[in-house]
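Presented below is the structure to which this report refers.
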Ligand SMILES: Cc1cc2nc3c(=O)[nH]c(=O)nc-3n(C[C@H](O)[C@H](O)[C@H](O)COP(=O)(O)O)c2cc1C
């Protein structure tokens with residue numbers, strides 16, 4: 001997710017789940033080809049399994065970008081066919097690619113040829129008023145013919161005109177039945193459902209009723225502690241003994257490590273932990289400290305410890321929750 005799932009965010013999320021697959025922000029193929037590759041593609045070894053999402057519509061550029069991403073050690077390359085923003089439309093990629101399944105198939109084939117990694121497609125179920133099932137079935141079918149077996153389906157139509165990207169994530173209605181129909185029509189392909197999933201119970205329901213994966217976006221970002229239950233509840237690992245305090249201490253070590261990189265590095269990384277304390281008394285103080293530029297001046301890489309002590313001063317009773325493992 002652009003501006004959200006950067007390497008700092010992924011490092012933080014990985015502290016809470018070993019198994020959830022993490023995705024980069026969308027990186028455009030031209031940016032990879034002509035920009036600072038290290039800045040765009042480098043990531044921490046702890047982030048695996050991690051997928052690099054590419055944006056673009058030129059098969060040759062995408063192939064080169066996929067090869068570059070593979071060299072950095074990603075586990076999957078994903079092509080964005082779901083973003084409806086105007087900027088992306090001007091570049092003729094994102095959701096408008098759903099109108100050109102033949103071109104997407106060429107992009108897919110070129111990317112697959114260029115690297116040994118699995119290439120997956122993230123797409124919507126329709127574009128503007130082309131939203132009957134046949135439209136997405138034809139899109140997926142064309143890619144299936146080209147050899148694609150992994151699809152992430154954001155089960156909403158994208159409106160290229162009239163809705164902002166934000167509205168495009170909420171206004172078009174969710175149609176999970178489309179994902180089930182795709183699975184029925186292409187049983188040998190994997191379908192991961194995305195859109196509006198906010199609980200692990202909902203994730204489990206989708207997995208138990210025939211879908212192959214669930215992708216959780218905003219809920220995982222806003223309520224990151226949710227991730228601490230994923231390995232146990234969705235991957236069958238023993239219950240986690242991790243606590244929020246463990247996460248704060250591990251992130252503090254990380255902030256010390258990255259602080260010398262850039263004057264705003266600590267702030268850029270710490271902002272992703274804003275939701276960690278949601279649901280606990282004193283959480284407001286945690287968020288307020290992390291939003292206050294003075295806190296970074298005062299505490300530097302220890303800003304999370306400062307936020308913690310502000311929180312505990314206001315709500316000493318939160319101490320028990322901070323050292324409690326995730327609830328079942
Ligand atoms: C801030 C933000 C940035 C996003 N950036 C991307 C992106 O770069 N690539 C992408 O495929 N989807 C992007 N999305 C869409 C999400 O991946 C997801 O499809 C959408 O939010 C619906 O899932 P959710 O209800 O679980 O959040 C973004 C969403 C948000 C909120």
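Within the listed set 264, 80, 168, the Gaussian network model of the chain (springs between alpha-carbon atoms below 10 Å) gives the highest mean-square fluctuation for 264. Relative to the longest principal axis of the chain, what angle (0 to 90°, nearest 10) does the C-alpha long axis of helix 7-16 take? Helix 7-16 sits roughly 70 degrees off the main axis of the chain. Put a dot 7 Å past the Cα of residue 138, heading toward its Cβ, do the same for residue 113, and the two dots end up 2.6 nm apart. One chain, two ends: residue 48 and residue 314. Fully extended at 0.36 nm per residue, the span grows by 92.0 nm beyond their Cα-Cα distance. At q = 0.09, 0.10, 0.11, 0.13 Å⁻¹, what log₁₀ I(q)/I(0) does the range 7-224 have when each alpha carbon counts as one equal point scatterer in the Debye sum? Evaluating at q = 0.09, 0.10, 0.11, 0.13 Å⁻¹ gives log10 I(q)/I(0) of -0.32, -0.40, -0.49, -0.71.
Principal-axis analysis of the Cα atoms of the chain puts helix 176-185 at an angle of about 50° to the longest axis. Looking at the range 145-202, the pairs of alpha carbons with a distance over 20 Å make up 36% of the total. Beta-bridge orientation, the range 1-157: approximately 5 percent antiparallel, per DSSP, counting only bridges with both partners inside.
Enclosing the Cα atoms of the range 244-322 in their convex hull gives a volume equal to 69 cubic angstrom per residue. If you take the Cα centroid of the range 229-273 and the Cα centroid of the range 107-143, the two points sit 34 Å apart. DSSP beta bridges confined to the chain are antiparallel in about 5 percent of cases.
Given R0 = 30 Å, the distance between the Cβ atoms of residue 257 and residue 130 translates into a calculated FRET efficiency of 0.05. Kindly express, to the nearest 10 degrees and within the range 0 to 90, the angle between helix 303-314's C-alpha long axis and the longest C-alpha principal axis of the chain. Around 60 degrees separate the two axes. Computed from label points 7 Å out along Cα-Cβ, the spacing between residue 205 and residue 149 is 3.0 nm.
Read-outs throughout are calculated quantities, based only on the coordinates presented, and are distinct from any laboratory measurement. Remember, predicted model here, so these are calculated numbers, not experimental data. Glycine gets a Cβ as well: all are built from the backbone with ideal geometry, and neighbour counts include every protein chain shown.
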